[in-house]
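Colleague: Dumping the structure here so I can ask a few things about it.
A short reminder: the numbers here are calculations on the coordinates, not readings from a lab. Computed from a predicted structure; not experimentally measured. So basically every Cβ, Gly included, is an ideal-geometry build from the backbone, and we count neighbours across all protein chains shown.
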Amino acid sequence: MNNKTLAIIKPDAVGNGFTGKIMDRIISSGFSIKAARLLHLSREQAERFYEVHKERPFYQDLVDFMTSGPCMPMALEKENAVAEFRQLIGATNPVEAAEGTIRKDFAESVQNNAVHGSDSDKNSEKEIAFFFSSNEILN
Ligand code: CMP
């Protein structure tokens with residue numbers, strides 16, 4: 001099992017001033033932040049990151065949203081990080097997210113849903129490498 005996951009605080013949450021509150025939830029839930037960066041994704045980066053959704057009807061809107069302002073990718077570490085983080089953030093659609101989850105409390109809509117979390121160990125490795133080189137990740 002890989003103990004890391006990629007999180008992104010998305011442009012809606014950064015723009016709404018929730019970055020600190022979301023980082024606090026993450027840390028108080030037992031995750032260590034091993035790398036973090038504030039950046040404004042280019043269209044090419046957003047298209048590449050979400051390439052798996054290319055055929056979905058929401059793809060272009062998703063790319064527009066992810067390039068609409070700065071976001072904060074982070075490499076997080078905790079035992080069973082992928083599953084634990086997905087539990088902390090809640091369902092993709094905030095209307096369906098459980099009480100106390102990050103999306104329930106900070107997301108605006110199914111698209112503007114405040115945070116991203118990797119969906120598998122294989123993808124977490126790939127997604128962390130998308131944003132961070134190995135010498136930018138704390139041991
Ligand atoms: P994320 O976990 O980053 O993975 C894919 C993203 O696509 C998702 O969060 C949402 O931001 C977006 N998304 C997923 N489903 C829909 C949908 N039905 N309509 C609009 N956006 C969606």
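Colleague: For the range 104-124, which positions are closer than 18 Å to Phe65 by Cα and either assigned to a loop (DSSP other than H, G, I, E, B) or more than 7 Å from the ligand (Cβ to nearest atom) (or both)?
Modeller: Phe106, Ala107, Glu108, Ser109, Val110, Gln111, Asn112, Asn113, Ala114, Val115
Colleague: Give the residue that is farthest from the chain's Cα centre (by Cα), with candidates limited to residues of the range 24-49 that are free of Cβ contacts under 8 Å to residues at least 24 places away in the same chain and crowded, with 17+ Cβ neighbours inside 10 Å.
Modeller: Glu47
Colleague: Checking Ile8 against (1) surrounded by fewer than 20 Cβ atoms within 10 Å (Cβ to Cβ); (2) of a type in the set (Val, Ile, Thr); (3) out of contact with any helix residue (DSSP H, G or I) (no Cβ under 6 Å at 6 or more places or on another chain), only one condition comes out false. Which one?
Modeller: Status for Ile8: all satisfied but (1).
Colleague: Scan (1) within 16 Å of the ligand (Cβ to nearest atom); (2) on the phi > 0 side of the Ramachandran plot; (3) not aliphatic (A, V, I, L, M) for the single condition Asn80 breaks and write down its number.
Modeller: (1)
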